[in-house]
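Take a look at the structure set out below.
The values are calculated or read from the model by the stated rules, or taken from the named source; none is laboratory data. Remember, predicted model here, so these are calculated numbers, not experimental data. No Cβ is skipped: glycine too gets one built from the backbone with ideal geometry, and neighbour counts run over all protein chains shown. Keep in mind that these areas ignore ligands, DNA and RNA; they rest on the heavy atoms of the full protein, side chains included. Shrake-Rupley method; radii C 1.70, N 1.55, O 1.52, S 1.80 Å.
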Amino acid sequence: MKVLVLGAAGMLGGDVLAAADSAGHEAKGYGRADLDVTDLEALRRRFDREAPDVVINCAAWTDVDGAEDDPEGAMEVNGTGAANASTAAAEVGARILFVSTDYVFDGEKGRDYVESDPVNPINVYGRTKAAGERATVAANRRSWIVRASWLFGMNGPNFVDTMLRLGSQHGQVLVVRDQIGSPTWTWHLAHGLVRLLDSDAYGLHHMAAGGRCSWYDFAREIFARSKMDVTTLSATTDMLGRKAPRPAWSALTSENRHMIELPSWQEGLAGYLAQRASSVEEGPS
């Protein structure tokens, strides 16, 4: 199968490219500098030349607070860009997979969200990703929408790295306790996405690590597994005064009959910390 990965220079896209390659697919990836999803004609030319069987759209505006300052910029990537990628894929007969987010929900449910729950995003980022979901489906009937949660991985800034850096520098961190989600290692998610390509189960899929925790509990687990003596203080979301509102509960689970289950968030964290340590030991090539 010929697989094109958009956003391949990002944290998730790099792992998806590697996972597709390891699964035996003919995989090729493009970062924004190579192929910008906001440029429909560029996508058309590239897809026509490459003739992919499937496109995985990992290209995204992921700066949640920054989206509040530039809603048009976020929508151009997450909404219009998703429409462009899906349209160009459909024109060459390719299927498309769009990676979305738990932030399409408002967090008021108080328990894990499933695919049939209505979306109601409470920040600009969530609204642009919900628009991307709708645009992807409208442009290509052979499409998968996969919602993920609280990603961390090797190819970009993430919560784990931030905690390790702050803990090392200050010996104390302040972390919110009233947001619940499913921290998901991009390596686990990437392999789940590639597995989905072997199915015709188009439509909505929730794919996140097993279990759920608060950012506070996640931080404590990070320090415990890293054997770091760091004082972890808890705060409420209101106390931190972030620009974009966050859902209080956005953990995901699936009601799909043939859902793809990922390992627990604790297993993902252990795997990432081992991967990170190995990378540090190897150093630059």
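Annotations for the structure displayed:
- Computed extension gain for Val114 through Ala235, at 0.36 nm per residue and net of the alpha carbon distance, reaches 40.8 nm.
- Accessible surface of the chain, 1.4 Å probe, proportion on carbon and sulfur as whole %: 47 percent
- Of all stretches in the chain that contain no GluC sites (Glu not before Pro) in a DSSP loop with at most 13 other Cβ atoms within 10 Å, the longest one is 109-254.
- Extension gain, Ser279 back to Ser168 (0.36 nm per residue minus Cα-Cα distance, nm): 38.1 nm
- Gyration tensor verdict on segment 150-285 (Cα atoms; rounded if a/c is under 1.5, prolate if a/b is larger than b/c, oblate otherwise): oblate
- Simple rule: put +1 on each Lys or Arg Cβ and -1 on each Asp or Glu Cβ in the chain, find the dipole, and look at Gly110, Leu4, Ala18; the Cα lying farthest toward the positive end is Gly110.
- Normalised size of segment 15-54, defined as Cα radius of gyration per 2.2 N^0.38 Å with N residues, equals 1.25.
- Gain in span if fully extended, Thr38 to Glu26, counting 0.36 nm per residue against the direct Cα distance: 1.9 nm
- Lysines whose Cα lies under 20 Å from that of Lys243, excluding same-chain neighbours fewer than 8 positions away: Lys129
- Under the criterion of Cα pairs below 8 Å and six or more residues apart, the relative contact order for segment 1-44 equals 41 percent.
- Neighbour cut-off at most 11 other Cβ (10 Å), DSSP loop, trypsin sites (Lys or Arg not before Pro), segment 187-252: Lys227
- Average Cα contact separation per residue, the chain, under 8 Å, 6 or more apart, as relative contact order %: 21 percent
- Reach of Lys2 by Cα under 14 Å, taken over aspartates and glutamates that are not fewer than 8 positions away in the same chain: Asp21, Glu26, Asp48, Glu50, Asp53, Asp198
- The label-point distance for Arg45 and Arg134, in a model that sets each label 7 Å from Cα toward Cβ, rounds to 3.2 nm.
- Overall form of segment 155-212 per C-alpha gyration tensor (a/c, 1.5; a/b vs b/c): prolate
- Computed Kirkwood radius, in angstrom, where 1/r is averaged over Cα pairs of the chain: 19.2 Å
- Signed unit charges on C-beta, dipole axis of segment 71-149, positive-most listed residue Asn120, Phe98, Ser149: Phe98
- Once the Kirkwood radius over Cα pairs is known for segment 47-200, the Stokes-Einstein relation at 4 °C and 1.567 mPa s delivers a diffusion coefficient of 77 µm²/s.
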